[in-house]
Amino acid sequence: MVIIIEKDTKEKVIESIIKKLDQEGFDIHRSTGIDHTILGVIGNTNKLDIRDIKLMEGVGEAYRITAPYKLVSREFKSQNTTFKVRDVEIGGDETVIMAGPCSIESKEQIMTIAESVAKAGAKILRGGAFKPRSSPYSFQGLGEKGLEYMREAADKYNLAMITEVMDKDQIELVESYTDIIQVGARNMQNFSFIRALGKSSKPVFLKRGIAATIEEWLMSAEYILSGGNKNVIFCERGIRTFETYTRNTMDISAIPIIQKLSHLPIFADPSHGTGLRNKVIPMARAAVAAGANGLMIEVHNDPDKALSDGAQSLYLEQFADLMKQIRIIADVIGRKVA
């Protein structure tokens, strides 16, 4: 249920409403907009008589949210969620670019890539220290040493940092280095894990599962928000279909759908979305044109020798060219790129 508080209602009146509902066993999530305060009432609200709620002092309107996801929905919060990661605004008018290698391989490698992508206009450095691989024999990442290299590179070139956490035991360690926690496609429905991220102080970058519906994806975000973490970013990274030519099928339509259903920002990852270097730039352009809040792009200084995902990683000069192209597209639709 959503309760809209009347404009200029005193704080003690709002607190009395929250206290009453809390005593009846409901979780209350408060959102403050420009003109109104909105209370999201989570729990079995069928036992509440909505007429009684509407008669409470300070209540302007109350209605039930029909979608199974509550806190994530536009019904709960009509305005877009925006938040800062260091000095980078997520969810605003700027299309924010995350770029870097799939895996951190060495200090020299991440330093070289960070310098290049920062110069081209990226705001966030991406890279994997712990790599979930389909084969147990593939490169699994450098672990904490990789996090150290990445943090040093990000700080040197004034970039924020995002990296993936693979299980609950890694959360505390990775939080001490990163600015954004990435949840990979394989973990989107690992509910005990994502519930734990609801208690994190770091924004969560939630990648779509390899065969997840949009509603399942929204429900995963609901787990995180219900735990108290309001800063979630969706990432469309392609889904598994019957098509085998590309690694995944990039669902560009998910971008405007998510933006209609939810107030949370959405990025696109055309690197995993296609798995093919020569398809990354066209799909990145399409995602920006569709209104994505940002892109995550895999970039490597020597993709042919990359220890993971070299085939979908752009060369440094290709990334610089992509940045020039998406600036033009963003300008046409009233957005901007650094």
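Worth a mention:
- Backbone amide hydrogens, once placed in the peptide plane, bring residue 306 within less than 5 Å of nothing, excluding anything fewer than 5 places away on its chain.
- Candidate aspartates and glutamates for bridging to residue 207, where Cα separation is under 13 Å - those fewer than 8 sequence places away on the same chain excluded: 164, 216, 236, 251, 269
- Candidates 269, 167, 179, ranked by Gaussian network fluctuation over the chain, Cα under 10 Å, top entry: 167
- In segment 2-63, inverting the average of 1/r over every pair of distinct C-alpha atoms gives 11.6 Å as the Kirkwood radius.
- Screening the chain for whole DSSP H helices with an alpha carbon extent of at least 15 angstrom along the helix axis and a mean Kyte-Doolittle hydropathy of at least 0.0 yields 107-120, 214-226, 277-289, 316-332.
- Measuring between their Cα centroids, segment 1-71 and segment 283-337 lie 42 Å from each other.
- Using all pairs of distinct alpha-carbon atoms, the Kirkwood hydrodynamic radius of segment 83-332 works out to 17.7 angstrom.
- Residue order, fewest to most surrounding Cβ atoms within 10 angstrom, among 333, 38, 124: 333, 38, 124
- Computed on segment 21-96, with alpha-carbon pairs under 8 angstrom and 6+ residues apart, the relative contact order is 19 percent.
- Relative contact order computed over the chain (Cα-Cα under 8 Å; 6+ residues apart), in percent: 16 percent
- Cα lying deepest toward the dipole's positive end in the chain, options 249, 294, 197, charges on Cβ: 249
- With a threshold of 25 Å on the Cα-Cα distance, the over-threshold entries among 10/260; 10/202; 19/202; 84/336 are 10/260; 10/202; 19/202.
- Total charge dipole magnitude, the chain, about the Cα centre, Cβ charges on Lys, Arg, Asp, Glu only, Debye to nearest 20: 340 debye
- Projected label distance in nm at residue 11 and residue 83, using a 7 Å step from Cα toward the beta-carbon: 2.2 nm
Readers should treat all values here as calculations from the given coordinates under stated rules, not as data from a laboratory. This is a predicted model, so every value here is computed, not measured. Ideal geometry is used to build each Cβ from the backbone, glycine not excepted, and the neighbour counts take in all protein chains shown.
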